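The values are calculated or read from the model by the stated rules, or taken from the named source; none is laboratory data. Every value quoted in this text rests on a predicted model; they were computed, and no experiment measured them. No Cβ is skipped: glycine too gets one built from the backbone with ideal geometry, and neighbour counts run over all protein chains shown. Ligands, DNA and RNA are stripped out before the accessible areas are found, and what is left, the full protein with its side chains, is counted by its heavy atoms. Shrake-Rupley method; radii C 1.70, N 1.55, O 1.52, S 1.80 Å.
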Amino acid sequence: MEKKLEQIKSKIVRVAFVGPECTGKTTISQTLAKDFQTEWVPEFMRTYLQKKWDEKQETCTWDDLEIIALGQILSENESIQKANKIIFCDTNLLELMIYSYIYYGKCPTQIEKYALENHYDIVFLTDIDVPWQADDLRDKPNEREFMFSKFKQILDEHNIKYIVITGNLEKRLKTVKEVVHKILKNNE
């Protein structure tokens, strides 16, 4: 698994969204990809675990983490080859690492290694100030504050630069677009 979790090299600007469940990562990343006429990377964990639930009514296990990590980075590496100057990642290995610590108290060594080594030009942490909506996979409606604080704690512990985005969709999009335009301008 060693090198399989490594990002391919690219001059494409990488933007990642992390945060607790049901905080708008998918909506934001899809909208921005459309607005910037580029690619977005879906959350592989959601697709994989939804299929597992639909077929067997089973939830995530420790053994699923490697499969999820490989699927996420493969999706990112494939999408970046088709991207137009920028790519929006609806989660990344950092998110998987944080969830691994929350659910299992530890993280597989290789996943953590690449979660911390892989590069993103900017990471946005999505706040919990949007309504929570139930689905087959979401299981922490009453732990949103704990989840958000855990994300902040782990990002801070590893000195990962991030910007918290808050408010409704329009406010979040405005914040992200301002930051992204600055990054793109600096990369010209």
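A few comments on the model shown:
- With respect to (1) within 15 Å of the chain's Cα centre (by Cα); (2) open to solvent by 20 Å² or more (accessible area, probe 1.4 Å), the lone exception for Leu169 is condition (1).
- Subset of the stretch 97-121 (residues that are open to solvent by less than 10 Å² (accessible area, probe 1.4 Å) and of a type outside the set (Ser, Thr, Tyr)): Met97, Ile98, Ile111, Ala115
- Test result for Val123, modelled with pLDDT under 95 and out of contact with any Lys or Arg (no Cβ under 6 Å at 6 or more places or on another chain): no
- Residue, farthest from Gln7 (Cα to Cα), within the stretch 81-107, restricted to residues that are in contact with a helix residue (DSSP H, G or I) (Cβ under 8 Å, 6 or more places away or on another chain), part of a loop (DSSP other than H, G, I, E, B) and not hydrophobic (A, V, I, L, M, F, W, C): Lys106
- Hits in the stretch 108-136 (condition: within 24 Å of Gly167 (Cβ to Cβ) and assigned to a loop (DSSP other than H, G, I, E, B)): Tyr120, Asp121, Asp127, Ile128, Asp129, Val130, Pro131, Trp132, Gln133, Ala134, Asp135
- You will find that of Ser10, Ser29, the residue that is among the polar types (S, T, N, Q) and closer than 20 Å to Glu178 by Cα is Ser29 and no other.
- Residue that is nearest to Trp132 (Cα to Cα) [pool: residues in the stretch 36-68 that are of a type in the set (Asp, Glu) and surrounded by 13 or more Cβ atoms within 10 Å (Cβ to Cβ)]: Glu43
- Residue within the stretch 108-117 that is out of contact with any helix residue (DSSP H, G or I) (no Cβ under 7 Å at 6 or more places or on another chain) and farther than 23 Å from Ile12 by Cα present: yes
- Residue that is without any contact (Cβ under 8 Å) to a residue 24 or more places away in the chain, within 30 Å of His181 (Cβ to Cβ) and part of a helix (DSSP H, G or I), where the choices are Glu55, Glu78: Glu78
- Evaluated against (1) farther than 17 Å from Thr26 by Cβ; (2) out of contact with any Phe, Trp or Tyr (no Cβ under 7 Å at 6 or more places or on another chain), Leu155 falls short on exactly one condition, (2).
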